[in-house]
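Notes to accompany the following structure.
The values are calculated or read from the model by the stated rules, or taken from the named source; none is laboratory data. As the structure is a prediction and not an experimental result, all values here were calculated from the model. Ideal geometry is used to build each Cβ from the backbone, glycine not excepted, and the neighbour counts take in all protein chains shown. Surface accessibility is based on the protein's heavy atoms, side chains included, excluding ligands, DNA and RNA. Shrake-Rupley method; radii C 1.70, N 1.55, O 1.52, S 1.80 Å.
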Amino acid sequence: MREELSITTERIDDFVVLLKLMQQMDLPSILDRHLPRHWLQQGLSWGWTASIWLAHIISQGDHRKLTVRDWVRQAHSTLEQVTGLDIRETDFTDDRLTIVLRHLSDQQRWQAIEQELGEHLVRVYALEEQPIRVDATTVSGYRDGGADSLWQFGHSKDDPTLRQIKAMMATLDPLSLPLALEVVSGEQADDRLYVPTIDRVLACLGRSGLLFVGDSKMSALATRAHLVVHEQYYLTPLALVGETAKQMPDWIQAGVARGETLTAVLSDDEKQVLAQGYEVSRTCVWEGRSWQERVLVVRSCAYADTQRRHLQERLEKAQAALLALTPPVGRGKRQVTDEPALQAAAEAVLAKHRVVGLLTYTSVRHSEQEVKFVGRGRGGVNRPQQLSERVRYQITAVQRNEQAIADLLSQLGWRAYATNAPQPRLSLEHAVREYRHEYHIEHGFGRLKAAPLSIAPMFVKRDDQVTGLTHLLSVALRVLSLMEFVVRRSLQQQGATLAGLYKDNPRRATATPTAERLLQAFVPITLTQVHLPDQTIGHVTPLTPVQEQLLRLLGLPADLYAALAWKIPQTAFPLRE
């Protein structure tokens with residue numbers, strides 16, 4: 001009897017590159033060293049299970065557990081060839097993926113993984129000593145919460161009407177590589193999370209003289225003192241509370257008085273002034289320890305323009321609101337008949353729009369008198385009369401206090417930064433430029449929340465699964481960050497650009513491609529296999545010049561995809577149960 005021809009196809013796209021990058025990162029081995037394996041456990045190790053799941057998440061943009069098994073089934077031959085492992089369908093059941101997340105949620109294991117992975121990546125990829133940025137973000141969801149739940153109401157960066165979790169992350173510039181990630185309940189304040197995160201970074205990098213950059217919540221004196229004790233540097237804007245709030249007006253006044261003698265911070269092309277400032281030195285004391293701190297008092301031109309625009313908007317809204325307090329007489333127009341009530345309403349408007357002292361108003365009192373007969377019926381000569389008066393107050397004009405507004409405009413755009421770094425290490429100009437790059441860590445948060453990682457909504461319920469999934473997605477963020485960094489560094493070393501990534505404009509070239517566009521360039525690639533009675537013939541979609549260039553930039557073999565058609569195993573093809 002004649003056997004029928006069997007043909008199978010596998011969409012292999014970008015996950016081949018992703019798995020090779022993870023092997024370069026030594027990710028499967030690092031995970032295996034810290035995730036316990038039962039002595040009777042069969043099948044893939046937890047490190048390889050997590051790595052293949054990560055390839056699925058990044059490639060498919062889906063972190064649900066239920067879709068992984070089907071994906072592995074359709075890519076089975078390719079996965080076995082890339083990993084060199086025997087892969088079973090039962091390696092990716094919902095139960096096994098749940099165990100992976102449970103292991104990753106263990107705080108002690110996770111910190112050990114983070115530390116070893118960070119040390120390995122910094123060493124292997126020869127990452128330069130760059131600033132470390134520390135910040136927090138929130139992830140909201142429709143959750144029930146509870147007293148002991150991670151999901152709590154708190155100050156939200158997303159949707160304040162939903163419960164949330166909070167993630168504090170430290171990243172290494174310029175690639176926004178996560179070095180430490182802490183997942184806590186959503187009601188916790190950021191301040192107390194900085195020191196533990198900083199300590200984990202120090203355990204990973206193990207050297208002094210690093211520069212930590214954070215927002216004003218990192219400016220707590222205890223946090224700054226902690227960095228000083230560990231011989232590290234910090235750069236942070238000072239929160240306008242306590243002594244800083246009292247000193248800031250004097251610092252601004254001194255800056256305005258300096259005029260043209262302020263130090264200018266120029267743009268890269270030196271054609272535009274970005275900011276101006278000066279610095280003062282002061283002594284800080286915390287729990288018996290003292291150190292010298294530089295306070296950089298800086299006026300940002302862009303910040304001043306933004307504040308000026310907002311001030312003009314507030315003035316216009318307040319002016320319209322004041323005039324609306326006393327509408328003209330008409331049907332349905334309620335009139336103000338009490339002067340103290342008008343004054344109270346006007347003061348509330350000024351306070352609401354934060355323009356107290358900047359606007360004044362003029363009001364007039366209108367009075368109408370009318371003689372009426374007392375009682376009902378027709379009036380008569382001897383019938384008693386009474387005089388009634390109707391009073392209303394009308395705001396006729398709203399004036400701007402131009403002198404007060406001018407004084408306020410001169411004080412806009414100022415901000416004070418604190419650093420203990422010496423002048424040769426961090427000049428005022430360098431400090432301003434460094435803080436302007438704070439968007440680097442926000443880019444990482446945006447990537448975590450957007451495709452392909454899309455941390456929200458989370459399709460897990462238990463808190464340990466939520467924590468484990470967040471940790472897993474932070475590893476995916478590391479993969480994307482490193483891929484992007486390696487390609488950009490290769491292009492910079494070659495002085496080249498990369499074209500063909502933009503389908504709407506194939507000629508458009510860039511020296512700073514994103515990881516998402518790099519991965520999209522490998523779509524579609526298909527492995528076709530023709531199964532004959534005595535052999536299997538394979539064919540892989542020929543690579544385009546752009547795909548071949550990307551493999552060179554990533555330091556991967558040129559035959560990475562073509563070799564998949566040469567090494568087809570001569571075994572039964574269906575997945576083994």
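Annotations for the structure displayed:
- Residue check, residue 201 within 30 Å of residue 126 (Cβ to Cβ), assigned to a helix (DSSP H, G or I) and at pLDDT 95 or above: yes
- Of the residues in the range 24-42, none is open to solvent by 30 Å² or more (accessible area, probe 1.4 Å), under 24 Å from residue 454 (Cα atoms) and among the basic types (Lys, Arg).
- Test: residue in the range 414-426 that is touching a helix residue (DSSP H, G or I) at 6+ places or on another chain (Cβ under 8 Å) and under 30 Å from residue 320 (Cα atoms): yes
- Residue match in the range 195-211 (condition: under 24 Å from residue 463 (Cα atoms), free of Cβ contacts under 8 Å to residues at least 40 places away in the same chain and open to solvent by 10 Å² or more (accessible area, probe 1.4 Å)): yes
Per-residue answers, yes or no, for (1) touching a Pro at 6+ places or on another chain (Cβ under 8 Å); (2) free of Cβ contacts under 8 Å to residues at least 60 places away in the same chain; (3) of a type outside the set (D, E, K, R); (4) in a helix (DSSP H, G or I):
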residue	(1), (2), (3), (4)
445	no, no, yes, yes
448	no, no, yes, yes
451	no, no, yes, no
458	no, no, yes, no
469	no, no, yes, yes
474	yes, no, yes, yes
486	no, no, yes, yes
489	no, yes, no, yes
492	no, yes, yes, yes
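- Count of residues meeting criterion [over 17 Å from residue 359 (Cα atoms) and open to solvent by 40 Å² or more (accessible area, probe 1.4 Å)] in the range 278-332: 22
- Complete set of residues in the range 280-318 that are acidic (Asp, Glu) and farther than 30 Å from residue 399 by Cβ: 287, 293
- Single unsatisfied condition, residue 504 versus (1) crowded, with 20+ Cβ neighbours inside 10 Å; (2) part of a loop (DSSP other than H, G, I, E, B); (3) at pLDDT below 95: (1)
- Condition check for residue 528: among the hydroxyl-bearing types (Ser, Thr, Tyr) and modelled with pLDDT under 95: yes
- Among the residues of the range 231-269, those identified as under 16 Å from residue 414 (Cα atoms) and small (Gly, Ala, Ser) are 239, 245, 254, 255, 257, 259, 264.
- Residue 293 meets the conditions (1) among the acidic types (Asp, Glu); (2) within 30 Å of residue 223 (Cβ to Cβ); (3) part of a helix (DSSP H, G or I) in every case but one. The failed one is (3).
- Hits in the range 67-89 - residues which are among the hydrophobic types (A, V, I, L, M, F, W, C) and either open to solvent by 40 Å² or more (accessible area, probe 1.4 Å) or on the phi > 0 side of the Ramachandran plot (or both): 85
- Residue 478 vs. criteria of a type in the set (Lys, Arg), over 30 Å from residue 98 (Cβ atoms) and within 29 Å of the chain's Cα centre (by Cα): no
The rows are residues; the columns are (1) of a type in the set (Lys, Arg); (2) modelled with pLDDT of 95 or more; (3) farther than 23 Å from residue 422 by Cβ; (4) open to solvent by less than 60 Å² (accessible area, probe 1.4 Å).
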| residue | (1), (2), (3), (4) |
| --- | --- |
| 224 | yes, yes, no, yes |
| 230 | no, yes, no, no |
| 236 | no, yes, no, yes |
| 240 | no, no, yes, no |
| 245 | no, no, yes, yes |
| 260 | no, no, yes, no |
| 267 | no, no, yes, yes |
| 271 | yes, no, yes, no |
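- Selection count where residues are among the hydroxyl-bearing types (Ser, Thr, Tyr) and assigned to a helix (DSSP H, G or I), scope the range 257-267: 1
- Any hit, the range 240-256, residues being outside any helix (DSSP H, G or I), within 21 Å of residue 440 (Cα to Cα) and not polar (S, T, N, Q): no
- Residue match in the range 56-66 (condition: surrounded by 16 or more Cβ atoms within 10 Å (Cβ to Cβ) and in contact with a His (Cβ under 6 Å, 6 or more places away or on another chain)): yes
- The condition of being charged (D, E, K, R), within 46 Å of the chain's Cα centre (by Cα) and open to solvent by 50 Å² or more (accessible area, probe 1.4 Å) holds for only one of 433, 392, that being 433.
- Residue satisfying all of: in the range 521-541; open to solvent by less than 50 Å² (accessible area, probe 1.4 Å) and aliphatic (A, V, I, L, M); nearest to residue 561 (Cα to Cα) among these: 540
- As a summary of the residue check, residue 129 satisfies the conditions (1) open to solvent by less than 70 Å² (accessible area, probe 1.4 Å); (2) under 15 Å from residue 201 (Cβ atoms) except for the one numbered (1).
- Number of the exception - residue 176 against (1) on the phi > 0 side of the Ramachandran plot; (2) touching a strand residue (DSSP E or B) at 6+ places or on another chain (Cβ under 6 Å): (2)
- Among residues of the range 268-283 that are at negative phi and outside any strand (DSSP E or B), none has a beta-carbon under 8 Å from a residue that is open to solvent by less than 60 Å² (accessible area, probe 1.4 Å) and among the acidic types (Asp, Glu) at least six positions away or on a different chain.
- So residue 568, is it in contact with a Ser or Thr (Cβ under 8 Å, 6 or more places away or on another chain), modelled with pLDDT under 90, closer than 25 Å to residue 23 by Cα and crowded, with 17+ Cβ neighbours inside 10 Å: yes
- Restricting the range 507-516 to residues that are open to solvent by 40 Å² or more (accessible area, probe 1.4 Å) and either part of a loop (DSSP other than H, G, I, E, B) or not hydrophobic (A, V, I, L, M, F, W, C) (or both), the residue that is modelled with the lowest pLDDT: 507
- Residue 156 among the small types (Gly, Ala, Ser) and more than 22 Å from residue 440 (Cα to Cα): no
- Evaluation of residue 61 against the conditions (1) under 23 Å from residue 461 (Cα atoms); (2) in contact with a helix residue (DSSP H, G or I) (Cβ under 9 Å, 6 or more places away or on another chain) shows that the sole unmet condition is (2).
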